[in-house]
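Read through the structure below, which is laid out as structure tokens, and then see the notes.
The values are calculated or read from the model by the stated rules, or taken from the named source; none is laboratory data. On a predicted model such as this, the values are computed, not experimentally measured, just so you know. Here the Cβ positions follow ideal geometry from the backbone for every residue, glycine too, while neighbour counts run over all protein chains shown. Keep in mind that these areas ignore ligands, DNA and RNA; they rest on the heavy atoms of the full protein, side chains included. Shrake-Rupley method; radii C 1.70, N 1.55, O 1.52, S 1.80 Å.
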Amino acid sequence: MPTLLKIHVIDGHPQHELVWKKSQVPFICDGCKELGFGVCYQCPHKKCNYILHEQCAIRRPSPPFQQVFPKCNFQFHKENPLGSTTRVCDICASDIQGFLYQCTREDHDLHPHCASLPPVFSLPDSNTEIYLRKEIKSRCLKCQSKKRSGLSYVSSDGKLCYHVACLKEACLENWKKGYFQLDVIADDENKCLALQNLAPKHVVLRSKDQSSKARKGIKWVIIFLKLLVSAIFGEPLTLLSTLFQLYEN
């Protein structure tokens with residue numbers, strides 16, 4: 001549960017208090033203008049519908065990214081203090097269109113939501129850990145490339161890797177294709193299509209001819225993807241969790 005169930009964002013939405021909730025549909029944050037899922041703060045007035053990522057509503061003085069950006073001192077801004085100069089998030093490599101953290105010492109910028117990403121977490125029932133890294137040695141499960149701007153999540157054994165930028169783009173594509181609609185996601189075929197879009201060369205339909213080793217490999221990829229989606233978009237909600245049930249048993 002959050003520290004605050006209600007907040008008053010004076011500099012962004014002074015008219016009403018915002019209420020903590022778990023959104024069951026994807027949304028666009030009115031602060032950073034990025035796609036969001038799950039936990040958020042939203043105005044309860046239907047005619048208003050102002051909504052923020054939890055990280056855009058409750059702002060840290062400086063995000064804890066000393067390991068990745070050791071010389072940086074980040075400060076929160078409602079808009080780019082440098083004016084019309086285009087700024088790019090150093091984690092997800094996409095343009096910054098709203099709220100941001102900007103370094104006062106070096107040329108680095110972060111989306112508030114990206115700035116909250118965990119630097120490390122573990123795969124369940126495994127000794128494998130997942131790290132957020134600048135450089136990777138394995139290919140991304142989505143784009144099949146080792147090089148791309150921004151940071152990546154990579155497993156400690158080096159076998160699983162995903163660019164943060166690629167995962168955000170893939171989830172946005174799935175949303176635009178309608179795969180995150182409740183009536184669509186219930187269909188197993190659409191679940192598979194959504195997952196194949198996340199990892200085109202690694203997620204295939206199950207068949208009787210698949211070996212137990214192949215099924216186990218697919219299962220670990222699915223668990224890896226589920227943890228990444230949860231890390232990047234927040235607490236796994238029913239809408240996204242149903243995607244992964246097709247391969248978890």
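Here is how the numbers come out for the structure above:
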item: Cβ pairs under 8 Å, 6+ apart, first in region 28-46 and charged (D, E, K, R), second crowded, with 23+ Cβ neighbours inside 10 Å and part of a loop (DSSP other than H, G, I, E, B); result: Glu34/His111; Glu34/His113
item: Scope region 110-133; condition part of a loop (DSSP other than H, G, I, E, B) and surrounded by 12 or more Cβ atoms within 10 Å (Cβ to Cβ); matching residues; result: His111, Pro112, His113, Leu117, Pro118, Pro119, Leu123, Ser126, Thr128
item: Unique residue being at negative phi, surrounded by 14 or more Cβ atoms within 10 Å (Cβ to Cβ) and at pLDDT 65 or above when the list is Ile136, Ile185; result: Ile136
item: Hits in region 8-47 (condition: of a type in the set (Gly, Ala, Ser) and under 28 Å from Cys166 (Cβ atoms)); result: Ser23, Gly31, Gly36, Gly38
item: So Lys142, is it open to solvent by less than 60 Å² (accessible area, probe 1.4 Å) and either at pLDDT 90 or above or farther than 27 Å from Leu82 by Cβ (or both); result: yes
item: Flag if Asn49 is surrounded by fewer than 17 Cβ atoms within 10 Å (Cβ to Cβ) and touching a residue at least 12 places away in the same chain (Cβ under 8 Å); result: no
item: Hits in region 78-96 (condition: closer than 19 Å to Leu52 by Cα and in contact with a Cys (Cβ under 7 Å, 6 or more places away or on another chain)); result: Cys89, Cys92, Ile96
item: Residue selected from region 89-109 under the condition closer than 27 Å to Tyr162 by Cβ and either of a type in the set (Gly, Ala, Ser) or surrounded by fewer than 17 Cβ atoms within 10 Å (Cβ to Cβ) (or both), by the criterion farthest from the chain's Cα centre (by Cα); result: Glu106
item: Residues within region 160-177 that are out of contact with any Cys (no Cβ under 8 Å at 6 or more places or on another chain), among the aliphatic types (A, V, I, L, M) and assigned to a helix (DSSP H, G or I), tallied; result: 3
item: Flag if Phe69 is out of contact with any Gly (no Cβ under 6 Å at 6 or more places or on another chain), under 13 Å from His111 (Cβ atoms) and open to solvent by less than 30 Å² (accessible area, probe 1.4 Å); result: no
item: Lone unmet requirement of (1) open to solvent by 10 Å² or more (accessible area, probe 1.4 Å); (2) farther than 15 Å from Ile232 by Cα for Ser155; result: (1)
